[in-house]
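What follows is a set of notes on a single structure, which appears directly below.
Please treat every number below as a calculation from the coordinates, not as lab data. Quick caveat, the model's predicted, so the values are computed rather than measured. Because the Cβ atoms are built from the backbone with ideal geometry, glycine has one as well, and the counts that use them run over all protein chains shown.
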Amino acid sequence: MNLVVNGDPFSADDGLTVAGLLRDLGLEGRPCAVEINRELAPKAEHAERSLSEGDTIEVVTLVGGG
């Protein structure tokens, strides 16, 4: 299926979950916020929430520094 992740095209297998996407992006276990089609996806739902063809996903991570 075709998705848009942070403004870029992203190809994924059908049935991919938010948790699977974060794993594929190398963000598994890191603090981040995920928005799907302009709606916040709570972390508690990441393992169960499946993505659909054409979804637009924004992933925001925390960056430390000083």
Contact order normalised by residue count of the chain, Cα under 8 Å, 6+ apart, percent: 45 percent
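Net charge around PHE10, counting only other residues with Cβ within less than 11 Å of its Cβ (Lys, Arg = +1; Asp, Glu = -1)? Present the calculation step by step, with values, prior to reporting the outcome.
Working: positive: none; negative: ASP8, ASP24, ASP55.
Neighbour charge sum, excluding PHE10 itself: -3.
Evaluate E = 1/(1 + (r/R0)^6) for LYS43 and ASP8, where r is the Cβ-Cβ distance and R0 equals 22 Å; express this FRET efficiency to the nearest 0.05. Intermediate results must be reported in sequence, preceding the final value.
Values: r = 23 Å, r/R0 = 1.04.
Rounded to the nearest 0.05, the efficiency is 0.45.
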